[in-house]
Amino acid sequence: MTIRCEIVTQERLVYEKDVDSINIPGVEGRMGILPNHSPLLTVLDFGEVITRVNGEEEYFAIGGGIAEVQPDKVIILADSAEHAEEIDEELAAAARQRAEQAMEEGVEEDPAVYEKIQASLRFAQLSLDVSRRRKRRRNSAIPDLSNTTGS
């Protein structure tokens with residue numbers, strides 16, 4: 001049995017697939033969602049969404065939002081979201097640097113501008129963390145065959 005998972009931002013549909021389970025970053029902590037879950041509406045924090053299908057995991061960086069959980073479907077309405085495989089580390093690092101520079105130079109007395117820059121900084125750092133963590137995991141799963149000898 002599976003549950004449909006959709007990850008959506010204002011700009012695009014990031015992900016849509018039937019999965020075995022979903023792990024999401026709620027503001028009160030991480031939550032695991034399985035098929036036939038009780039209906040739920042929850043606020044999401046910046047963090048990593050993990051989906052699992054047949055033992056294989058996919059990872060997403062999300063910059064907050066809300067999740068609607070139904071027994072057969074989870075819709076994640078994210079403020080920002082990227083699949084780990086599509087994260088460009090150079091662009092994320094440049095975005096982080098721009099946000100850090102804006103914070104250092106001082107932010108107008110407008111709380112909305114400050115929150116926007118702070119959110120950009122958090123999402124850029126999260127994207128880098130997710131991408132790097134997934135690359136390390138992938139690389140450690142690949143056996144090193146360079147020291148083997150043929151028979």
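The values are calculated or read from the model by the stated rules, or taken from the named source; none is laboratory data. The shown structure was predicted, so the numbers you read here are calculated from the model rather than taken from an experiment. Backbone-built Cβ (ideal geometry, glycine too); neighbour counts: all protein chains shown.
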Check your understanding: Just one of the numbered conditions (1) at pLDDT below 95; (2) surrounded by fewer than 19 Cβ atoms within 10 Å (Cβ to Cβ) is not true of residue 87; which one?
Key -> (2)
**Study point:** From 92, 102, residue being assigned to a helix (DSSP H, G or I), over 16 Å from the mean Cα position of the chain (by Cα) and either assigned by TED's automatic domain parsing to the domain that holds residue 26 or at pLDDT below 95 (or both)
**Key:** 102
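Please go through region 6-37 and give me each residue that is of a type in the set (Asp, Glu) and part of a loop (DSSP other than H, G, I, E, B), ordered by number. Walk me through how you get there before you give the answer.
Filtering region 6-37 for residues of a type in the set (Asp, Glu) gives 6, 11, 16, 18, 20, 28.
Passing the criteria: 11, 20, 28.
Filter region 15-49 for residues that are touching a residue at least 60 places away in the same chain (Cβ under 8 Å) and out of contact with any helix residue (DSSP H, G or I) (no Cβ under 9 Å at 6 or more places or on another chain) and give the result.
Here is the first cut: in region 15-49, the ones touching a residue at least 60 places away in the same chain (Cβ under 8 Å) are 15, 46-48.
The answer is 15, and nothing else.
Go through 78, 61 for me and flag whichever is of a type in the set (Gly, Ala, Ser) and at pLDDT below 95.
Details: 78 fails: at pLDDT below 95.
Just one listed residue meets the conditions, 61.
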